[in-house]
Amino acid sequence: MKKIFLTSIILFLSATAMACPACEQQQPKLLKVITHGAGPDSNWDYVIVSITAIIVLFCLFFSVKWLLRPGEKSATHIKFSILNLD
């Protein structure tokens, strides 16, 4: 039952993520199937989105890295004043 529920949610989300026919006509060739709404106004829109995507990926990478391996080994670190590791 759990597999059927998860599969149906995934299929529903993938179907709603596709652009409608009216939006497909407004989009450039690169974004025709995946984007709703008006298309980009200029090439600066692509630059802004690209820079934003790079910043997000950079933050995601370091968030996961420091979550998995924090690297705090100093005996004077504040966590050792809170945690009792005895």
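The values are calculated or read from the model by the stated rules, or taken from the named source; none is laboratory data. In this text, all values refer to a predicted model and were calculated from it rather than measured experimentally. Counting neighbours? That spans all protein chains shown, and the Cβs are built from the backbone with ideal geometry, glycine included. What goes into the accessible areas is simple: the full protein's heavy atoms, side chains included, and nothing from ligands, DNA or RNA. Shrake-Rupley method; radii C 1.70, N 1.55, O 1.52, S 1.80 Å.
If a residue must be at pLDDT 75 or above and assigned to a loop (DSSP other than H, G, I, E, B), how many such residues does the stretch 1-28 contain? Adding up the residues that qualify gives 3. Do we find a residue being surrounded by 10 or more Cβ atoms within 10 Å (Cβ to Cβ) and modelled with pLDDT of 80 or more anywhere in the stretch 29-39? No, the conditions are met nowhere in the stretch 29-39. Taking first residues from the stretch 37-49 that are within 12 Å of GLN27 (Cβ to Cβ) and partners that are open to solvent by 50 Å² or more (accessible area, probe 1.4 Å) and not in a loop (DSSP other than H, G, I, E, B), the Cβ contacts under 8 Å between residues at least 6 apart in sequence or on separate chains come to GLY37/GLN26; ALA38/GLN26; GLY39/GLN26; PRO40/TYR46.
Of the residues in the stretch 55-84, how many are out of contact with any Ser or Thr (no Cβ under 9 Å at 6 or more places or on another chain), part of a helix (DSSP H, G or I) and open to solvent by less than 80 Å² (accessible area, probe 1.4 Å)?
Total meeting the criteria: 5.
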